[in-house]
Ligand SMILES: [Zn+2]
């Protein structure tokens, strides 16, 4: 059942969403929000029968009691791909379009007439495949723009005699999602990260010199970091009024470098192919996108601070994401106030710890157990001596912890070893810290500062 809607209807859907995301939906309390969300989820459940996978489950349980739906993951989604979408698209066809797009770097082809195909980043194992309809893309754009654009940018958009808003995107995959919102008021420039970064810099410099530098800069955190370093060194004179970090965990050191370079802290979009998961507000808090996604929490440890989310996106109607277990570990502050200074009652994340394989697993000092060292702790330890190096990576291989430092000052490796050893002993575990030479990385790959390469 293809949604046949016109371009005008799509734009309308985006504008309504823009307004809702920006000015709408304020709740009295978290309880009021939960009741509202529950009604949305119930309405969504009635639409599940459009997907054969859920129709079969619900048909097998015709009783009055609500069926407890299974938790699914990437493997289940790939195995049951044909039954989990409501348009009868086959995995082979979707995969064919996605792989062809990645190879040709032309992301315009669609499947089923109008669906774009996204591939989740595959650091290990098979990659997830996700279908998105034009309407879903528009709702996404409305939410992101409505939540993140500053007042000045919105005025620019609305006043036809002003120049259009220029948005520069640094992306690893296609801009199809973003191109859908291009208009006479918004100009997008795409910088494909699989192409030469120096050529992109030259283009950006030329644009800035001609007075056409970007108003809004959108890039993965590691790319923002690289651009901010060049701006800081006087090699790149752009003056974005809004900087948005996407696709990677935004670490505090990158955030402060961006603020130093362009005078304002970056806003953050925590987005996976599986959905739009969190957005930062004007007060710098990263809010879960609970207006369209329900987050069940699979707690890690017993202090109520870390969980793996199981997400249900109750707005998707093409490929259903229901009780989908993500790979990421999220962190919350149990003592956080119910309401953020921005007025929202949605959950504020204390941090995104990233993939589960960003957690080091090291033997306890008595050798009887494995101890988990969470990435925020490792990052804090690395931040202590960060004046002594430009960047760093940590890799757990077997039971050893390998460290690479970029441009280390004399004595920096020794200080890092000491900082990590004292961290490990505070956690009651130990590991040999091994230093290896720095290796430059391809900006086309997602930056992973901490990675457990081998499961001990
Ligand atoms: Zn807030």
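Things to note:
- Count of the range 103-115 residues which are buried (at least 17 other Cβ atoms within 10 Å of the Cβ) and within 26 Å of residue 448 (Cβ to Cβ): 1
- Residue count, the range 250-278 (criterion: under 19 Å from residue 191 (Cα atoms) and without any contact (Cβ under 8 Å) to a residue 24 or more places away in the chain): 0
- Any hit, the range 227-249, residues being within 16 Å of the ligand (Cβ to nearest atom), under 25 Å from residue 378 (Cα atoms) and part of a loop (DSSP other than H, G, I, E, B): no
- For the range 380-399, the tally of residues that are within 21 Å of residue 328 (Cα to Cα) and at pLDDT below 85 stands at 1.
- Residue in the range 4-23 that is part of a loop (DSSP other than H, G, I, E, B), on the phi < 0 side of the Ramachandran plot and under 28 Å from the mean Cα position of the chain (by Cα) present: no
- Residue satisfying all of: in the range 258-269; crowded, with 20+ Cβ neighbours inside 10 Å and part of a helix (DSSP H, G or I); nearest to the ligand (Cβ to nearest atom) among these: 258
- Only listed residue being within 27 Å of residue 224 (Cβ to Cβ) and surrounded by 16 or more Cβ atoms within 10 Å (Cβ to Cβ), chosen from 437, 443: 443
- Filtered residues of the range 223-249 (kept if under 20 Å from the mean Cα position of the chain (by Cα), over 18 Å from residue 442 (Cα atoms) and in contact (Cβ under 8 Å) with a residue 40 or more places away in the chain): 242, 244
- Some residue of the range 287-306 being within 16 Å of the ligand (Cβ to nearest atom) and not in a loop (DSSP other than H, G, I, E, B): yes
- Residue in the range 357-380 that is out of contact with any helix residue (DSSP H, G or I) (no Cβ under 9 Å at 6 or more places or on another chain), more than 16 Å from the ligand (Cβ to nearest atom) and closer than 30 Å to residue 136 by Cβ present: yes
- Every listed requirement among (1) within 16 Å of the ligand (Cβ to nearest atom); (2) without any contact (Cβ under 8 Å) to a residue 60 or more places away in the chain is met by residue 392 save one, (1).
- Criterion violated by residue 110 - all others in (1) touching a residue at least 24 places away in the same chain (Cβ under 8 Å); (2) within 27 Å of residue 193 (Cβ to Cβ); (3) in contact with a helix residue (DSSP H, G or I) (Cβ under 9 Å, 6 or more places away or on another chain) satisfied: (1)
- Breaking point among (1) surrounded by 20 or more Cβ atoms within 10 Å (Cβ to Cβ); (2) within 16 Å of the ligand (Cβ to nearest atom); (3) in a loop (DSSP other than H, G, I, E, B), for residue 340: (1)
- Scanning the range 270-286 for residues that are over 14 Å from residue 331 (Cβ atoms) and either more than 15 Å from the ligand (Cβ to nearest atom) or surrounded by fewer than 22 Cβ atoms within 10 Å (Cβ to Cβ) (or both) yields a count of 10.
- Enumeration of residues in the range 368-388 that are in a helix (DSSP H, G or I) and touching a strand residue (DSSP E or B) at 6+ places or on another chain (Cβ under 7 Å): 375, 376, 378, 382
- Counting only helices (runs of 4 or more DSSP H) that sit completely within the range 64-153, those holding 1 or more residues that are more than 21 Å from the chain's Cα centre (by Cα) and modelled with pLDDT under 85 correspond to 91-104.
- With respect to the conditions (1) surrounded by fewer than 11 Cβ atoms within 10 Å (Cβ to Cβ); (2) touching a strand residue (DSSP E or B) at 6+ places or on another chain (Cβ under 7 Å), residue 51 lacks only one, and its number is (1).
- Pairs where the first residue, in the range 142-162, is exposed (fewer than 12 other Cβ atoms within 10 Å of the Cβ) and the second is in a helix (DSSP H, G or I), C-beta under 8 Å, 6+ apart: 162/155; 162/156
- Counting only residues that are in a loop (DSSP other than H, G, I, E, B) and more than 14 Å from the ligand (Cβ to nearest atom), the range 343-356 holds 0 of them.
- Residue 324 meets each of the listed conditions (1) within 16 Å of the ligand (Cβ to nearest atom); (2) touching a residue at least 60 places away in the same chain (Cβ under 8 Å) apart from (1).
- Of the residues making up the range 326-367, those that are more than 30 Å from residue 28 (Cα to Cα) and out of contact with any strand residue (DSSP E or B) (no Cβ under 7 Å at 6 or more places or on another chain) are 366, 367.
The values are calculated or read from the model by the stated rules, or taken from the named source; none is laboratory data. Since this is a predicted model, take the numbers as computed values, not measurements. Counting neighbours? That spans all protein chains shown, and the Cβs are built from the backbone with ideal geometry, glycine included.
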